[in-house]
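Here is the structure we will look at.
The values are calculated or read from the model by the stated rules, or taken from the named source; none is laboratory data. Remember, predicted model here, so these are calculated numbers, not experimental data. Using ideal geometry, Cβ is built from the backbone for each residue, glycine included, and neighbour counts are taken over all protein chains shown. SASA here: full protein model, heavy atoms, side chains in, ligands and nucleic acids out. Shrake-Rupley method; radii C 1.70, N 1.55, O 1.52, S 1.80 Å.
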Amino acid sequence: MSKSARYEAKREVRTFVDLNNAATIMLNKAREGQHGIGYLSMSSLLLRAFTFEAYLNHLGGENYLKVLEGNSRMSTLKKYRTLGEKVNIKIDFSIRPYLSAVTLFKFRNIMVHGRTEELTEFEIVSADHDSLGYMPKTDWENYYTIENAEMAYEDITHIITELHVSAGLG
């Protein structure tokens, strides 16, 4: 008869790693020209935003810089600015790569708090213009392109790497 054994395991789960992997998978599928490129780009952008926010929570939490403890209601960009100041990074939200964080989080916030909209657009076009292929779009619909997903990948990766290295984590 076999005896029972007690098994115990401990593991640190770094959510930002899985989110980053998921964002990159969606981007790669969009790069391959998979059906639904727009939705794959949208998914990649949203997952990239979640990656960034989860990384900030990781770096600023109890195991590392401890500057975000008790500040769970702080906006993501304010968390970023707080962490940047702590590790002496000069953040200028008017230029890349930092500007990408601003536009990415505007998109994320619009999507998270999505509202129904009715769009009306008037345009003078030639008589032989194909109006069937035209549809007015919101700013967020124009944002989720593969080009913007690529830019978010590059810029958020740069920002996270800069924070990580500046915090002395390698």
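Annotations for the structure displayed:
- So Arg96, is it at pLDDT 95 or above, in a helix (DSSP H, G or I), more than 13 Å from Leu45 (Cα to Cα) and open to solvent by 80 Å² or more (accessible area, probe 1.4 Å): no
- Residue list for the stretch 119-159, restricted to those being β-branched (Val, Ile, Thr) and either open to solvent by 50 Å² or more (accessible area, probe 1.4 Å) or more than 16 Å from Leu46 (Cα to Cα) (or both): Thr120, Ile124, Val125, Thr138, Thr157, Ile159
- Residues considered: Lys78, Lys90, Lys106. Of these, the only one that is within 24 Å of Asn148 (Cα to Cα), part of a helix (DSSP H, G or I), touching a helix residue (DSSP H, G or I) at 6+ places or on another chain (Cβ under 9 Å) and basic (Lys, Arg) is Lys106.
- Output for the stretch 1-16, where each listed residue is part of a helix (DSSP H, G or I) and open to solvent by 60 Å² or more (accessible area, probe 1.4 Å): Thr15
- Pairs, first touching a residue at least 12 places away in the same chain (Cβ under 8 Å) in the stretch 96-121, second loosely packed, with under 14 Cβ neighbours inside 10 Å and of a type in the set (D, E, K, R), C-beta under 6 Å, six or more apart: Tyr98/Asp92
- Odd one out for Leu40 among (1) more than 30 Å from Glu141 (Cα to Cα); (2) buried (at least 20 other Cβ atoms within 10 Å of the Cβ): (1)
- Within this structure, Asn20 fails the test of being surrounded by fewer than 20 Cβ atoms within 10 Å (Cβ to Cβ) and modelled with pLDDT of 95 or more.
- When Arg48 is tested against (1) part of a loop (DSSP other than H, G, I, E, B); (2) among the charged types (D, E, K, R); (3) touching a residue at least 40 places away in the same chain (Cβ under 8 Å), only condition (1) is not met.
- Residue that is under 18 Å from Met151 (Cβ atoms), surrounded by 12 or more Cβ atoms within 10 Å (Cβ to Cβ) and not hydroxyl-bearing (Ser, Thr, Tyr), where the choices are Leu47, Leu65: Leu47
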